[in-house]
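Participant: Starting off with a structure, shown below.
The values are calculated or read from the model by the stated rules, or taken from the named source; none is laboratory data. Just so you know, these numbers come straight off a predicted model, no measurement behind them. Here the Cβ positions follow ideal geometry from the backbone for every residue, glycine too, while neighbour counts run over all protein chains shown. With ligands, DNA and RNA removed, areas are computed over all heavy atoms of the protein, side chains included. Shrake-Rupley method; radii C 1.70, N 1.55, O 1.52, S 1.80 Å.
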Amino acid sequence: MPELPEVEVTCQGLRPHLLGRTIRTVRSSGKPLRQPIPEDLLRRCLCGNTILTIERRAKYVLIRLKDSAVLVIHLGMTGKLGIFSVNAEPVRHDHLVLTLDNEMELRFNDARRFGCVAIWPADEVEELEQTFLARQGIEPFSEDFCGVGLLQLAKSCSLPIKSFLMDTRRVSGIGNIYANEILFAAGIHPLCPANTLSREQWQEVATCAVRILKKAIAAGGSTISDFLGASGQPGYFQLQLAVYGKKGEACPRCGEEITKEAIGGRATFFCGKCQKSTQR
Ligand SMILES: [Zn+2]
């Protein structure tokens, strides 16, 4: 499933192809994604409108238009955005196609259809900011994502820290793979209740999270040319994973066996020796 780095790289990959372009036509497959694609509203809001900015918020791609309408896309499990020539053969699972003023198209392909496409018309954008975007958790690249900010955010939360990091209402964009890797790097046991960590431990979590996410974005950066043409966009970035998926293998730090356990229903990998529990 795409996580923050994949969505960030998607935005970076799309910008050179989309900024300043005017949308000519909108077509959809007619098949519903997580919700039906609002094709008529998209057509009304997008046709003749020009793309001003493309940014990521949480795991959403926000495409802002000249009249201040905002197109919001979530990639779901298998969603991909790519730029193609209007002459390129359509492929299976293309669910939304925006034709641009340069004979190119933005295509949203989503085999499993867990993605989402929504539009906020210009006169409803305030609602987007105040309700939808305000509900998203703290951004790992924001100022508040630090020892003090996270300590404050977690003070009444007794969930395991791993579930806390993956809760999108609290923290944006950190999924299962990165949560595992961040906690290993920070030396913190994934079952530690979030409200038992010290400010110093939260600072370490923040530092490790930013370092790991930036590394993943940099790894994805080399694949940006793939946004153009039939190869579409890449899936996961080939990160060097330390613990994720490594049950029974040696911990890269101490040599102890990596343990696997389900936490909050998600596969969790950790080293029982390097990752300290605050309860012990
Ligand atoms: Zn270890």
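Participant: For the range 17-68, what are the residues that are open to solvent by 10 Å² or more (accessible area, probe 1.4 Å) and among the β-branched types (Val, Ile, Thr)?
Facilitator: Scanning the range 17-68 gives THR22, THR25, ILE37, THR50, THR53.
Participant: Among the numbered criteria (1) of a type in the set (S, T, N, Q); (2) surrounded by 13 or more Cβ atoms within 10 Å (Cβ to Cβ); (3) touching a helix residue (DSSP H, G or I) at 6+ places or on another chain (Cβ under 7 Å), which one does SER158 miss?
Facilitator: Going through (1) of a type in the set (S, T, N, Q); (2) surrounded by 13 or more Cβ atoms within 10 Å (Cβ to Cβ); (3) touching a helix residue (DSSP H, G or I) at 6+ places or on another chain (Cβ under 7 Å) one by one, SER158 breaks only (2).
Participant: Return a yes/no flag: does the range 105-112 have any residue that is touching a Gly at 6+ places or on another chain (Cβ under 6 Å) and within 15 Å of VAL72 (Cβ to Cβ). Break it down stepwise before answering.
Facilitator: Pass one, the range 105-112, residues touching a Gly at 6+ places or on another chain (Cβ under 6 Å): 107, 110.
Next cut, within 15 Å of VAL72 (Cβ to Cβ) only: 110.
Within the range 105-112 (the criterion being touching a Gly at 6+ places or on another chain (Cβ under 6 Å) and within 15 Å of VAL72 (Cβ to Cβ)), the answer is yes, since at least one residue qualifies.
Participant: Counting just the residues of the range 125-155 that are part of a helix (DSSP H, G or I) and touching a Leu at 6+ places or on another chain (Cβ under 9 Å), which one comes out surrounded by the fewest Cβ atoms within 10 Å (Cβ to Cβ)?
Facilitator: Within the range 125-155, the match that is surrounded by the fewest Cβ atoms within 10 Å (Cβ to Cβ) is LEU133.
Participant: Just the residues that are under 25 Å from ALA111 (Cβ atoms) and of a type in the set (D, E, K, R), please, taken from the range 41-55.
Facilitator: To start, the set of residues in the range 41-55 that are under 25 Å from ALA111 (Cβ atoms) comprises 41-43, 46, 54.
Once the filter is applied, which keeps residues that are under 25 Å from ALA111 (Cβ atoms) and of a type in the set (D, E, K, R), the range 41-55 yields only ARG43.
Participant: Among the residues of the range 64-76, is any assigned to a strand (DSSP E or B), farther than 20 Å from VAL7 by Cβ and free of Cβ contacts under 8 Å to residues at least 40 places away in the same chain? Please lay out each step first, then the result.
Facilitator: The first filter runs over the range 64-76 and keeps only residues assigned to a strand (DSSP E or B), leaving 64-65, 70-74.
The next check asks that each one be farther than 20 Å from VAL7 by Cβ; those that pass are none.
Within the range 64-76 (the criterion being assigned to a strand (DSSP E or B), farther than 20 Å from VAL7 by Cβ and free of Cβ contacts under 8 Å to residues at least 40 places away in the same chain), the answer is no, since none of the residues qualifies.
Participant: Okay, moving on. Can you tell me how many residues in the range 1-16 are part of a loop (DSSP other than H, G, I, E, B) and crowded, with 22+ Cβ neighbours inside 10 Å?
Facilitator: Residues in the range 1-16 being part of a loop (DSSP other than H, G, I, E, B) and crowded, with 22+ Cβ neighbours inside 10 Å: 1 in total.
Participant: Restrict the check to the range 202-216 and report whether at least one residue is modelled with pLDDT of 90 or more and within 14 Å of the ligand (Cβ to nearest atom).
Facilitator: First pass over the range 202-216, keeping only residues modelled with pLDDT of 90 or more: 202-214.
Filter once more, keeping what is within 14 Å of the ligand (Cβ to nearest atom): none.
No: the range 202-216 contains no residue that is modelled with pLDDT of 90 or more and within 14 Å of the ligand (Cβ to nearest atom).
Participant: Hey, can you tell me all the residues within the range 69-79 that are open to solvent by less than 60 Å² (accessible area, probe 1.4 Å) and within 21 Å of the chain's Cα centre (by Cα)?
Facilitator: VAL70, LEU71, VAL72, ILE73, HIS74, LEU75, GLY76, THR78, GLY79
Participant: Still on this structure, please answer the following. State all residues of the range 156-187 that are assigned to a strand (DSSP E or B) and touching a Phe, Trp or Tyr at 6+ places or on another chain (Cβ under 9 Å); if no residue qualifies, say none.
Facilitator: Result: VAL171, single match.
Participant: Here is a list: VAL117, VAL125. Which entry is closer than 22 Å to ARG15 by Cα and touching a residue at least 60 places away in the same chain (Cβ under 8 Å)?
Facilitator: Answer to the check: VAL117.
For (1) more than 8 Å from the ligand (Cβ to nearest atom); (2) β-branched (Val, Ile, Thr); (3) closer than 17 Å to ILE161 by Cα; (4) free of Cβ contacts under 8 Å to residues at least 24 places away in the same chain, each residue gets a yes or a no:
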| site | (1), (2), (3), (4) |
| --- | --- |
| GLN240 | yes, no, no, yes |
| GLY245 | yes, no, no, no |
| ALA262 | yes, no, yes, yes |
| CYS271 | no, no, yes, no |
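Matching residues to (1) closer than 30 Å to THR168 by Cα; (2) modelled with pLDDT under 95:
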{"residue": "VAL7", "(1), (2)": "yes, yes"}
{"residue": "GLN12", "(1), (2)": "yes, yes"}
{"residue": "GLY48", "(1), (2)": "no, no"}
{"residue": "VAL72", "(1), (2)": "yes, no"}
